[in-house]
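What follows is a short report on a single structure.
The values are calculated or read from the model by the stated rules, or taken from the named source; none is laboratory data. Just so it is clear, the model here is predicted, and its values are computed rather than measured. Methodologically, a virtual Cβ is constructed for each residue, glycine included, from the backbone with ideal geometry; neighbour enumeration extends over all protein chains shown. All accessible areas refer to the heavy atoms of the entire protein, side chains included, with ligands and DNA or RNA removed. Shrake-Rupley method; radii C 1.70, N 1.55, O 1.52, S 1.80 Å.
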Amino acid sequence: RRVISPNLSSCHDSYAVPGEMMVNCCPPRPESEEHVIDFVLPPPSTLRVRRPAHLVDDEYIAKLKKAVAIMKSLPYTDPRNWMRQANMHCLYCTGSYNQKYSNSIEVDIHKTWYFFPWHRMMIYFHEKIIGSLIGDEDFALPFWQWDAPEGMSMPSMYWEGALVDTERNPLHISPNSIGDLNYQMTESKLSSQELVSSNLAFMYNQMVSGATTSELFMGCPFKVGEAGECLGRGTIEAAPHNTMHSWVGKHANRYNENMGVFYSAARDPTFYAHHANIDRLWEVWRKMANYKKDIVDPDWLNAYFYFHNEKSQLVRVSIHQILNITDMGYRYQDVDLPWLNAKP
Ligand code: C2O
């Protein structure tokens with residue numbers, strides 16, 4: 001079947017910002033399908049538990065810091081290197097690869113129905129790499145629970161050591177700075193309490209009233225042979241996803257780097273906690289719909305992408321393989337969904 005997938009040997013310079021800035025995020029050694037292995041689910045085991053970033057303890061934080069420091073110290077030729085991980089995101093968000101089955105069109109996983117599954121894959125492998133680097137297979141990423149009042153500011157674990165990123169908006173690095181889930185590059189004029197309520201009402205819209213169909217929530221179908229992006233972001237991708245990226249990024253930088261622009265976003269450790277929350281909300285939405293709104297189109301289910309596993313092998317993963325997180329070996333700590341009762 002002709003599905004969306006990258007042509008590995010087509011990696012090229014690409015626009016980080018359309019029409020303005022080119023980047024090269026390609027692997028230092030060209031990759032080819034010859035050395036690829038197929039993804040297989042891990043054997044059943046106890047589930048790793050992804051916990052809210054504002055609730056983890058010092059021991060956990062020390063582990064994550066250690067892992068990130070190791071990744072930053074590895075050479076760029078090692079796919080587990082921090083920048084290589086960040087560039088994995090860059091590859092698929094700037095159109096560095098042409099499509100395997102349509103060589104004149106690039107692969108971009110944003111603004112389409114590949115948004116949720118592709119990011120699930122990316123953070124899954126990142127998490128496995130961390131687990132192997134620190135010798136703890138039970139290690140699970142934290143999630144940044146910005147959809148609950150207690151989690152709306154930037155988790156303090158990211159203010160120190162290897163978890164710091166210098167390219168952040170300094171105004172937002174404080175327990176008193178509440179994330180504006182619908183941030184439009186200017187500071188909210190609301191009081192903290194008003195901002196919290198408006199965030200919860202906004203979440204209700206993005207998860208419930210505005211997300212009644214799979215296309216509205218997941219994003220638009222994008223298939224082989226269709227020119228360009230379909231340009232239909234799902235509700236959560238548009239915001240809080242994009243908006244919280246912008247909220248973290250350094251406003252003073254030309255393109256709001258690091259978090260505020262795709263090519264550099266995954267250089268900031270908060271990226272992974274941000275996306276773990278997005279991944280969790282995908283599960284919440286699926287469950288609320290009793291899995292009846294899951295996409296069943298084979299063009300989506302069979303689309304496949306490549307990631308490096310913890311052994312630095314290049315793995316081919318199809319979307320249908322990653323739809324059951326229990327089978328993938330992880331779960332999310334149960335937390336309240338305060339926005340569920342925040343119907344505006
Ligand atoms: Cu691929 Cu949060 O973006």
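Being under 21 Å from Ser177 (Cα atoms), at pLDDT 95 or above and surrounded by fewer than 17 Cβ atoms within 10 Å (Cβ to Cβ): is that true of His245 here? So His245 fails the test. Scan region 172-188 and tell me whether some residue there is touching a Cys at 6+ places or on another chain (Cβ under 7 Å) and either under 24 Å from Met71 (Cβ atoms) or not aliphatic (A, V, I, L, M) (or both). No, region 172-188 has no match at all. Taking each residue of region 131-160 that is more than 24 Å from Thr326 (Cβ to Cβ) and charged (D, E, K, R) and looking for partners that are open to solvent by less than 10 Å² (accessible area, probe 1.4 Å) and not in a loop (DSSP other than H, G, I, E, B) with beta-carbon atoms closer than 9 Å, six or more apart or interchain, yields Glu150/Pro52.
Here's the yes/no breakdown for (1) open to solvent by 10 Å² or more (accessible area, probe 1.4 Å); (2) among the small types (Gly, Ala, Ser); (3) under 29 Å from Asn7 (Cα atoms); (4) more than 16 Å from the ligand (Cβ to nearest atom):
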site	(1), (2), (3), (4)
Lys63	yes, no, no, yes
Thr77	yes, no, yes, yes
Gln85	yes, no, yes, no
Lys111	yes, no, yes, no
Met122	no, no, yes, no
Lys128	yes, no, yes, yes
Phe143	no, no, no, no
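Return yes when Arg51 is among the basic types (Lys, Arg) and open to solvent by less than 70 Å² (accessible area, probe 1.4 Å) and no when it is not. Against the criterion (among the basic types (Lys, Arg) and open to solvent by less than 70 Å² (accessible area, probe 1.4 Å)), Arg51 does not qualify. Contact annotation: residue pairs with Cβ atoms under 6 Å, 6 or more positions apart or on different chains, pairing a residue in region 55-71 that is farther than 16 Å from Trp82 by Cβ with a partner that is part of a helix (DSSP H, G or I) and modelled with pLDDT of 95 or more, are Ile61/Met157.
Cβ separations smaller than 8 Å between residues 6+ apart or across chains give the following pairs from region 209-225 residues that are within 19 Å of Asp279 (Cβ to Cβ) and open to solvent by less than 50 Å² (accessible area, probe 1.4 Å) to residues that are in a helix (DSSP H, G or I) and among the β-branched types (Val, Ile, Thr): Ala211/Thr235; Ala211/Ile236; Phe217/Thr235; Phe217/Ile236.
As a summary of the residue check, Arg286 satisfies the conditions (1) open to solvent by 30 Å² or more (accessible area, probe 1.4 Å); (2) within 18 Å of the chain's Cα centre (by Cα); (3) among the charged types (D, E, K, R); (4) farther than 25 Å from Gly131 by Cα except for the one numbered (1). If you check Phe202 against the conditions, is it outside any loop (DSSP other than H, G, I, E, B) and either open to solvent by less than 10 Å² (accessible area, probe 1.4 Å) or at negative phi (or both)? Against the criterion (outside any loop (DSSP other than H, G, I, E, B) and either open to solvent by less than 10 Å² (accessible area, probe 1.4 Å) or at negative phi (or both)), Phe202 qualifies. For region 24-80, which positions are under 25 Å from Leu91 (Cα atoms), aliphatic (A, V, I, L, M), part of a loop (DSSP other than H, G, I, E, B) and touching a Phe, Trp or Tyr at 6+ places or on another chain (Cβ under 7 Å)? Within region 24-80, Val36 is the sole residue that qualifies. Residue under question is Asp299, and the condition is that it be among the acidic types (Asp, Glu) and more than 11 Å from the ligand (Cβ to nearest atom); does it hold? So Asp299 fits the description; yes.
Applying the selection to region 141-158, what residues are under 10 Å from Thr270 (Cα atoms) and in contact with a Ser or Thr (Cβ under 9 Å, 6 or more places away or on another chain)? Residues satisfying the conditions are Trp144, Met154, Pro155, Tyr158.
Would you say Tyr272 is of a type in the set (Ser, Thr, Tyr), open to solvent by less than 30 Å² (accessible area, probe 1.4 Å) and within 12 Å of the ligand (Cβ to nearest atom)? It is true that Tyr272 is of a type in the set (Ser, Thr, Tyr), open to solvent by less than 30 Å² (accessible area, probe 1.4 Å) and within 12 Å of the ligand (Cβ to nearest atom). Within region 174-195, being crowded, with 17+ Cβ neighbours inside 10 Å and aliphatic (A, V, I, L, M) holds for Ile178, Leu181, Leu195.
Residues in region 146-160 include none that are outside any loop (DSSP other than H, G, I, E, B) and either touching a Lys or Arg at 6+ places or on another chain (Cβ under 7 Å) or within 15 Å of the ligand (Cβ to nearest atom) (or both).
When Leu190, Leu181, Leu216, Leu231 are checked against the criterion of being in a helix (DSSP H, G or I) and either touching a Lys or Arg at 6+ places or on another chain (Cβ under 7 Å) or more than 22 Å from Trp82 (Cα to Cα) (or both), a single residue qualifies: Leu216.
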